[in-house]
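Below is one structure, written out as structure tokens; comments come after it.
The values are calculated or read from the model by the stated rules, or taken from the named source; none is laboratory data. Predicted model, so just to flag it, every value in this text is computed and none were measured. Counting neighbours? That spans all protein chains shown, and the Cβs are built from the backbone with ideal geometry, glycine included. Only protein heavy atoms, including side chains, enter the accessible area calculation; ligands, DNA and RNA are left aside. Shrake-Rupley method; radii C 1.70, N 1.55, O 1.52, S 1.80 Å.
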Amino acid sequence: MAEKNASKVSARAPSKPTAACTILTTPQRKGRTTMEMQVLWHTAMRKAVVLGTAGAMALGGMVAMAGTAEAATTLGAAATQQGRYFGTAVANNRLSETDYVNTLNTEFNSVTPENEMKWDALEPSRGSFNFANADKIVNHAKARNMQVRGHTLVWHSQLPGWVGSLSADELRKAMTTHITEVMTHWKGQIAAWDVVNEAYQDGSSGARRSSPFQDKLGAGYIEEAFKIARSVDPAAKLCYNDYNTDGVNAKSTAVYNMVKDFKSRGVPIDCVGFQGHFNSNSPVTADFQQNLERFAALGVDIQLTELDIEGSGSEQAANYEKVVKGCLAVSRCTGITVWGVTDKYSWRSSGTPLLFDGSYQKKPAYTAVLNVLNGGTTTPPTTPPTTPPTTPPTTPPTTPPPGGSGSCTATFKTDSSWSGGYNGTVTVKAGSSAITRWTVPLTMASGTSITSLWNATHTTSGSTVTVKNSNWNGSLAAGASTTFSFTVNGGNTAPTVGTCSTS
Ligand code: G2I
């Protein structure tokens, strides 16, 4: 069972939606001519007909459209069409409530035990494990083909009292035993584990949080934990999970640098969890997707692990839409988990941050999320727009397009800074003609250097950094702009931005 289930619940979602469920998503529609849309539509229709209803029936929550295409009517089914999962945190003591269970079973295809896999719940006294409550959640999920996220093996909070009084040697042994016993118990059944949770401080320091692990075992405890975890259950994806890391800031950059370091040294890490607890003090920022992209570029999967957004009505819906769109835009963002089924039992209940209200009614945020997962609409056309083209498309050019005759400008702004470093963004704007390539030279202030740069490519020669467009953001219409961002260490003095050129 364990092995069979392991493949079924792999955290790594398939990279492409199943053909039977292909619909024309917003990215597919964007920028296409009517003719191209017709081709896409007919391709989708052909695939749906070839695969017939069997594929469609394999996924719950589908509505047959015109006998061939399907619009998903549940979060889990819609996410599956996008090659992702859609999960929720689950509390064992709510599994006896009918509305709770019905909503869970209908809408979600992944679960995270909200508290039942934390250290205090599993090992209340040293060496004595209590798996019963978490087992109930895992068994509920397995019986319904839902995947399970394990949360969490090493965390400073919800630690039983006995952990705090251990010596360094004993704590190291206890951490090893805890990870080993817990992961062995569910070996092959957990899609992804939050191996280490919330190890960094908030604010601008980028420093580690004080905890028994950090303080007694030293900074290396995180990689020790990941190495132990890999050796116990090699099939589980191993994630680092944190909050207030959703945008580009000092804390997320500290995590970014840790992941980069792990990847460069072969420390096993597969994914980064972004908790996504948003409210007016901690809003969804414009650089949310950009932040996911820079992590994905390190070669790890991205998971939104504890999403909840305080608010109500259309404003809350718009924020959910932004976040879900951000995940879908990043191919390595493999799934989304909301931190609870209903506002009634949310840890931030008064902020009504979830998709179902206290009476399990779908909120505007629910509809917004479902629409985004359905590619922008739940109502695909029921008939093809018009006759498909009969002539083949023209041959694509074989020589690269010229840089364009237009000019461009580049302007710099500091996004955030801390003692010894900063994050900056350069906006590249086309002049009065379109451009297809751009180059921006930066001269770094003395003693400073770029430690990471995303949404562009760069080469460094002494203090000069030459930044060129990525293959997807070189083309700018007249007056249009794009940005690239970077992290700098070694001081706070901004770089000098040279003249933007287009060839
Ligand atoms: O704080 C929100 C989340 C932040 N990221 C890590 C998550 O694990 C964390 O979850 C929350 C749970 O949603 C709460 O339900 O973690 C809290 C503890 O730090 C959980 O609260 C605790 C209460 O503090 C306890 O009094 C209570 O006994 O839940 C326990 C079980 O209901």
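Taking the listed residues Asp261, Asp246, the one that is acidic (Asp, Glu) and not in a loop (DSSP other than H, G, I, E, B) is Asp261, with no other qualifying.
Working only within the stretch 191-210, note down all residues that are within 16 Å of the ligand (Cβ to nearest atom) and either crowded, with 19+ Cβ neighbours inside 10 Å or free of Cβ contacts under 8 Å to residues at least 12 places away in the same chain (or both).
Let us first name the residues in the stretch 191-210 that are within 16 Å of the ligand (Cβ to nearest atom), namely 192-202, 209.
Answer for the stretch 191-210, where residues must be within 16 Å of the ligand (Cβ to nearest atom) and either crowded, with 19+ Cβ neighbours inside 10 Å or free of Cβ contacts under 8 Å to residues at least 12 places away in the same chain (or both): Ala192, Trp193, Asp194, Val195, Val196, Asn197, Glu198, Ala199, Tyr200.
Answer with yes or no whether Pro124 is more than 22 Å from Asp308 (Cβ to Cβ) and within 16 Å of the ligand (Cβ to nearest atom). Yes: the conditions hold for Pro124.
With respect to Ala168, is the statement that it is among the aliphatic types (A, V, I, L, M), more than 13 Å from the ligand (Cβ to nearest atom) and more than 23 Å from the chain's Cα centre (by Cα) true? If you could, list the steps in order and put the result at the bottom.
Working: among the aliphatic types (A, V, I, L, M): yes; more than 13 Å from the ligand (Cβ to nearest atom): yes; more than 23 Å from the chain's Cα centre (by Cα): yes.
Yes: the conditions hold for Ala168.
Of the numbered criteria (1) within 16 Å of the ligand (Cβ to nearest atom); (2) modelled with pLDDT under 95; (3) not acidic (Asp, Glu), the one Ala66 fails is (1). Please find, within the stretch 87-99, the residue that is surrounded by the most Cβ atoms within 10 Å (Cβ to Cβ) out of those that are in contact (Cβ under 8 Å) with a residue 60 or more places away in the chain and within 15 Å of the ligand (Cβ to nearest atom). Across the stretch 87-99, the extreme among qualifying residues is Gly87. Listed by position, the strands (runs of 3 or more DSSP E) inside the stretch 423-471 whose residues that are of a type in the set (A, V, I, L, M) and open to solvent by 20 Å² or more (accessible area, probe 1.4 Å) number at least 2 are 449-454.
For the stretch 405-419, state whether one or more residues are farther than 27 Å from Ala480 by Cα, open to solvent by 70 Å² or more (accessible area, probe 1.4 Å), at pLDDT 95 or above and not in a loop (DSSP other than H, G, I, E, B).
In the first step, residues of the stretch 405-419 are kept if they are farther than 27 Å from Ala480 by Cα; the result is 417-419.
From the residues that got through so far, the ones that are open to solvent by 70 Å² or more (accessible area, probe 1.4 Å) too are 419.
If we keep only those that are at pLDDT 95 or above too, we end up with none.
Within the stretch 405-419, none of the residues are farther than 27 Å from Ala480 by Cα, open to solvent by 70 Å² or more (accessible area, probe 1.4 Å), at pLDDT 95 or above and not in a loop (DSSP other than H, G, I, E, B).
Among the residues of the stretch 234-266, those identified as more than 19 Å from Val488 (Cβ to Cβ) and within 16 Å of the ligand (Cβ to nearest atom) are Cys239, Tyr240, Asn241, Asp242, Tyr243, Asn244, Asp246.
Those helices (runs of 4 or more DSSP H) of the stretch 104-182 in which 3 or more residues are open to solvent by less than 40 Å² (accessible area, probe 1.4 Å) occupy 119-122, 132-143.
With respect to being farther than 22 Å from His277 by Cβ, at pLDDT 95 or above and more than 15 Å from the ligand (Cβ to nearest atom), Asn133 falls outside the description. Count of the stretch 319-354 residues, restricted to those that are more than 16 Å from the ligand (Cβ to nearest atom), within 20 Å of Ala77 (Cβ to Cβ) and out of contact with any Ser or Thr (no Cβ under 7 Å at 6 or more places or on another chain), is 9. For Ile269, the criteria (1) at pLDDT 95 or above; (2) assigned to a loop (DSSP other than H, G, I, E, B); (3) away from the ligand (no atom under 16 Å from the Cβ); (4) surrounded by fewer than 21 Cβ atoms within 10 Å (Cβ to Cβ) hold in every case but one, which is (4).
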